[in-house]
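The values are calculated or read from the model by the stated rules, or taken from the named source; none is laboratory data. Because the structure is predicted, anything quoted here is derived from the model rather than measured. For neighbour counting, all protein chains shown are included, and Cβ atoms are generated from backbone atoms with ideal geometry for every residue, glycine included.
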Amino acid sequence: MSSTEKAQQRIVQSVGKLSSSQRRGLDTTLTHWRKVGTSTARADRNTAQEGVREAYKAVGLDPPKLFVWLDSPRAGATCVRLLKSDLDWPAQLAPHQRAVWDSVWQQSMPFVKSLVGEEKWNQVKSEVKQEAQKKVLQKYPHLVEKVVKERFSEQLGIWIWKQLRKAYGYSVFEEVRNELDRSLQAKIKDKVLEETSLFISHELVGPLQKQLEACILEPLRREMTVNNGVLIGRQTWECCFGQHDSAWLSYYDYLSRLGLQEADKVAGLKKVARSAGWWWPYKNLCIITERPKVLNRENRLYLHCENGPAIEYNDGFNIFAFRGIIVPEYVINLSEPISVQMIESEPNVEVRRVLIERFGLENYLSTGNLIKIHQDECGILYKMNLQGDEPILVVRVINSTPEPDGTRKNYFLRVPPNMMRARQAVAWTFGLTEEEYHPLQET
């Protein structure tokens, strides 16, 4: 047996049964990729592009000829929609879409120039300029240089977009992401015991999926389907999620740290994830986006901010959220105090619940008709019926510690609508069943 084979056998054995130091390495890897997934630093563009080239090379593809950088996932998705559309006049685009249109054609000029050649490029520019001057003269008695430049820029952009649509090629997402993952799974199948693989996934991949994919990635995906204005329609998710791919990349990163050389095939993808946000790979073009500049979450890691966006990008794309519930901006940036009328006129049930929480549950309860359901030594259980939503159930408890003036405060604790007895409701607030709840001393 050669030294390489012996080393590989040792790796297989160590992966098959993780040592205590290797288990500690799981925590290190988890911390690293959590930081990657929640980074708000500006993208390292050179490193990200280097990673894309490595990712293409890893699956036998030539690197893309053009990199286009945009400021948010919404901008990246808008670019894809524009590439696949036949829109030939940008005037009908929303402002954020027009910004993408202009940014893309301006970044694409050198690429298109190299495609058509110097002579053709100069000819097109000359023809576009003459056409712009002609149209301006039709509207104004004399040439207005500023208007001519604007018209020239607009028409040159239209021409460049036409060339770009012909040249960007087909999506290589399947090869770069899915096929690579499948091939790696097959290669390491005999080198990592199934129980060890499941253990790594449970300790590493599972937590990151909850913290990053469920709490950040999915809200972004949902909101992008409603933020594309005139280009609204089915989104194409043939994209890599960059920093938000941390969960599945962490698995291979950990195996690579243990010495499995096959896992190094995702080195390029890891490099992009550590350096940038979402990206769309095509044969000749790669669209890459920046990371968010703002990310606010609550202690359970759900998107949450009470005085601004929970997540925001440099181009203004943002999401407002309250304890993980996506809400309209007005719920956070209130122009007037919350009122009962505002709450009860809100058609969205989840948004209404947020408004109630911000208004104050006790304040809201005092405005409606409470029905007493049950009372015992633990408290009083009340119900308040809501139109179009499940009823609000609260248990009223009295603080056993008196205030300095001798009074005792009442608290209303919201509980699930299936509670039937006060003791049962109080027990639920402690994560216990009614039978398990026997406090030795109240505090």
Requested in this report: Check region 62-74 and report whether any residue there is touching a helix residue (DSSP H, G or I) at 6+ places or on another chain (Cβ under 6 Å), among the polar types (S, T, N, Q) and in the same structural domain as residue 283 (by TED's automatic domain parsing).
Outcome: no
Query raised in the report: Inside region 260-377, counting only helices (runs of 4 or more DSSP H) that do not spill past its ends, which hold 2 or more residues that are at pLDDT below 95, surrounded by fewer than 17 Cβ atoms within 10 Å (Cβ to Cβ) and of a type in the set (A, V, I, L, M, F, W, C)?
Result: 340-344
Query raised in the report: Out of region 14-50, which residues are touching a Pro at 6+ places or on another chain (Cβ under 7 Å) and in a helix (DSSP H, G or I)?
Result: 30
Report summary line: Note on residue 407: of the conditions (1) at pLDDT 85 or above; (2) more than 22 Å from residue 351 (Cα to Cα), unmet is (1)
Query raised in the report: Scanning for something closer than 29 Å to residue 314 by Cα and in contact with a Pro (Cβ under 7 Å, 6 or more places away or on another chain), does region 127-147 turn up at least one residue?
Result: no
Report task. Scan region 324-334 and give yes if some residue there is outside the structural domain of residue 103 (by TED's automatic domain parsing) and on the phi > 0 side of the Ramachandran plot, otherwise no. Result -> yes
Query - Given (1) in a helix (DSSP H, G or I); (2) in contact (Cβ under 8 Å) with a residue 12 or more places away in the chain; (3) surrounded by fewer than 17 Cβ atoms within 10 Å (Cβ to Cβ), index of the condition residue 154 fails - result: (3)
Report summary line: Sole miss for residue 73 among (1) closer than 27 Å to residue 216 by Cβ; (2) out of contact with any Ser or Thr (no Cβ under 7 Å at 6 or more places or on another chain) is condition (2)
Report summary line: residue 102 meets each of (1) more than 22 Å from residue 241 (Cα to Cα); (2) modelled with pLDDT of 95 or more; (3) over 26 Å from the mean Cα position of the chain (by Cα) with one exception, condition (3)
Requested in this report: Would you please name the residue that is farthest from residue 299 (Cα to Cα), looking only at residues in region 314-325 that are touching a helix residue (DSSP H, G or I) at 6+ places or on another chain (Cβ under 6 Å) and not charged (D, E, K, R)?
Outcome: 317
Requested in this report: All but one of (1) surrounded by fewer than 19 Cβ atoms within 10 Å (Cβ to Cβ); (2) free of Cβ contacts under 8 Å to residues at least 40 places away in the same chain hold for residue 393, so report the exception by its number.
Outcome: (1)
**Report entry** Odd one out for residue 146 among (1) over 35 Å from the mean Cα position of the chain (by Cα); (2) under 24 Å from residue 55 (Cα atoms); (3) of a type outside the set (Phe, Trp, Tyr)
**Finding:** (2)
Requested in this report: Kindly indicate whether residue 143 is in the same structural domain as residue 67 (by TED's automatic domain parsing), modelled with pLDDT of 95 or more and aliphatic (A, V, I, L, M).
Outcome: no
